[in-house]
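S.K.: Here it is: the structure, laid out below.
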Amino acid sequence: MDRPIGMFDSGFGGLTVARAVIDLLPEEHLVYIGDTGRYPYGSRPQAEVREFARQLAWSLVNDFDVKAVVVACNTASAAAIDELKAELPVPVIDVVEPGANALVRATRSGEAGVIGTVGTIGSGAYDRAVAATGAAVHLTSAACPGFVEFVERGQTSGAEVTILAERLLAPVHEAGVDTLLLGCTHYPYLAAVIAEVMGPNVRLVSSADETALVTRDALAAAGRLRSAGGASAERTFLSSGDISWFADLGRRLLGPELRDANEWRFD
Ligand code: DGL
């Protein structure tokens, strides 16, 4: 099926999921919206994030005729996934359940951690998702306000971010977790700093690869995979903020597939 996969995030974070989707499904057309004009979502009330998520998802359906929507943002998944699944006429894929599944598979000791935005951690979405797996895992959670802002500024290393990471990661570090889920799609861009602070014995897990696999399975089940061998995939990247910054930093983060960015309006 020739229709694109739609994806959205508050900004650049969902590009970690887009990278995994492009790698796993290189023949698929893609439309990605980064709501950089309204980021960060993590500190906003859930009801507001839910409205933003509905706007973005419906725009992907109505304006771009997507065949599936990947909610490439944990904060939006935590706030709106039930509504989106109920109201959208296409398959909806979130990042929380795939992330929780990847986490319980990866932990050896059963002492696991998750970090995310204030909105995600406060929602309890990961506690519920991990409990739903039925695995004997004890989860320690920590919110990391400020991490997303560093990524959006393109500052993914250095003393400032390391000092913040040492403070914010203290609860999961002290809990002795053996595995840490990066429960915000921006955080893989800070993986080097997080790994340094957590030490060599802690395994970092992100939801990107697992979400790409779930996307492939959902499309296959719906008979919506695009067959290989046709015209090359078209990938469209839109932002509600500064278009040239989205193209510049987005290309550095995602890679050469992000050639340029277009405007997306939220009015
Ligand atoms: N990438 C979003 C997430 O996964 C970041 C939310 C924000 O803008 O604070 O939660």
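S.K.: Go over the candidates THR179, THR211, THR215, THR185 one by one and state the one that is surrounded by 19 or more Cβ atoms within 10 Å (Cβ to Cβ), of a type in the set (Ser, Thr, Tyr) and over 22 Å from GLY124 (Cβ atoms). Walk me through it before giving the result.
M.R.: Working: THR179 fails: over 22 Å from GLY124 (Cβ atoms); THR211 fails: over 22 Å from GLY124 (Cβ atoms); THR185 fails: over 22 Å from GLY124 (Cβ atoms).
The conditions single out THR215.
S.K.: Does GLU174 satisfy the criteria of being without any contact (Cβ under 8 Å) to a residue 60 or more places away in the chain and either at negative phi or in contact with an Asp or Glu (Cβ under 8 Å, 6 or more places away or on another chain) (or both)?
M.R.: Answer is yes for this residue.
S.K.: Please tell me if GLY146 is at positive phi, within 21 Å of the chain's Cα centre (by Cα) and surrounded by 15 or more Cβ atoms within 10 Å (Cβ to Cβ).
M.R.: Values: at positive phi: yes; within 21 Å of the chain's Cα centre (by Cα): yes; surrounded by 15 or more Cβ atoms within 10 Å (Cβ to Cβ): yes.
Yes, satisfied.
S.K.: Could you grab me the full set of residues in region 150-170 that are more than 15 Å from the chain's Cα centre (by Cα) and either surrounded by 15 or more Cβ atoms within 10 Å (Cβ to Cβ) or hydroxyl-bearing (Ser, Thr, Tyr) (or both)?
M.R.: If the condition is that a residue be more than 15 Å from the chain's Cα centre (by Cα) and either surrounded by 15 or more Cβ atoms within 10 Å (Cβ to Cβ) or hydroxyl-bearing (Ser, Thr, Tyr) (or both), then PHE150, THR156, SER157, VAL161, THR162, LEU164, ALA165, LEU168, LEU169 are the ones that fit.
S.K.: Then there is this: Collect the residues in region 6-30 that are farther than 20 Å from ALA143 by Cβ, within 15 Å of the chain's Cα centre (by Cα) and either part of a loop (DSSP other than H, G, I, E, B) or of a type in the set (A, V, I, L, M) (or both), keeping them in residue-number order. Can you show your working first?
M.R.: Of all residues in region 6-30, those farther than 20 Å from ALA143 by Cβ come to 6-8, 15, 17-30.
Narrowing further to those that are within 15 Å of the chain's Cα centre (by Cα): 6-8, 15, 17-22.
Once the filter is applied, which keeps residues that are farther than 20 Å from ALA143 by Cβ, within 15 Å of the chain's Cα centre (by Cα) and either part of a loop (DSSP other than H, G, I, E, B) or of a type in the set (A, V, I, L, M) (or both), region 6-30 yields MET7, LEU15, VAL17, ALA18, ALA20, VAL21, ILE22.
S.K.: Next question, about the same structure. Just give me the residues in region 144-179 being under 23 Å from GLU111 (Cα atoms), within 14 Å of the ligand (Cβ to nearest atom) and of a type in the set (Val, Ile, Thr), in sequence order.
M.R.: None - no residue of region 144-179 is under 23 Å from GLU111 (Cα atoms), within 14 Å of the ligand (Cβ to nearest atom) and of a type in the set (Val, Ile, Thr), so the list stays empty.
S.K.: Against the definition (closer than 15 Å to GLY37 by Cβ, over 17 Å from the mean Cα position of the chain (by Cα) and modelled with pLDDT of 95 or more), how does ALA218 come out, yes or no?
M.R.: On the way: closer than 15 Å to GLY37 by Cβ: no; over 17 Å from the mean Cα position of the chain (by Cα): yes; modelled with pLDDT of 95 or more: yes.
Taking the combined requirement at face value, the residue does not satisfy it.
S.K.: Okay, moving on. Taking LEU60, is it more than 16 Å from the chain's Cα centre (by Cα), away from the ligand (no atom under 15 Å from the Cβ) and modelled with pLDDT of 95 or more?
M.R.: yes
S.K.: For region 1-44, give me each residue that is buried (at least 24 other Cβ atoms within 10 Å of the Cβ), among the acidic types (Asp, Glu) and either away from the ligand (no atom under 12 Å from the Cβ) or under 30 Å from GLY230 (Cβ atoms) (or both).
M.R.: Residues satisfying the conditions are ASP9, GLU28.
S.K.: So the check is Cβ under 7 Å with 6+ separation or different chains; which pairs have a first residue in region 54-68 that's within 10 Å of ARG3 (Cβ to Cβ) and a second one that's buried (at least 23 other Cβ atoms within 10 Å of the Cβ) and among the hydroxyl-bearing types (Ser, Thr, Tyr)?
M.R.: ALA68/THR215
Yes/no per residue for (1) among the aromatic types (Phe, Trp, Tyr); (2) surrounded by 24 or more Cβ atoms within 10 Å (Cβ to Cβ); (3) within 16 Å of the ligand (Cβ to nearest atom); (4) under 27 Å from GLU174 (Cβ atoms):
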| site | (1), (2), (3), (4) |
| --- | --- |
| GLN46 | no, no, yes, no |
| ASP65 | no, no, no, no |
| ALA80 | no, yes, yes, no |
| GLU97 | no, no, yes, no |
| ALA125 | no, yes, yes, yes |
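S.K.: Also, I was wondering about something else. Could you say which residue among ALA231, ALA261, ALA221, ALA192 is of a type outside the set (Ser, Thr, Tyr) and either within 22 Å of ALA53 (Cβ to Cβ) or in contact with a Lys or Arg (Cβ under 8 Å, 6 or more places away or on another chain) (or both)?
M.R.: Exactly one residue qualifies, and that residue is ALA261.
S.K.: Please enumerate the residues belonging to region 116-137 that are of a type outside the set (Val, Ile, Thr) and touching a residue at least 40 places away in the same chain (Cβ under 8 Å).
M.R.: If the condition is that a residue be of a type outside the set (Val, Ile, Thr) and touching a residue at least 40 places away in the same chain (Cβ under 8 Å), then GLY116, GLY119, SER123, ALA125, TYR126 are the ones that fit.
The values are calculated or read from the model by the stated rules, or taken from the named source; none is laboratory data. Keep in mind the model is a prediction, meaning the values are calculated, not measured. Ideal geometry is used to build each Cβ from the backbone, glycine not excepted, and the neighbour counts take in all protein chains shown.
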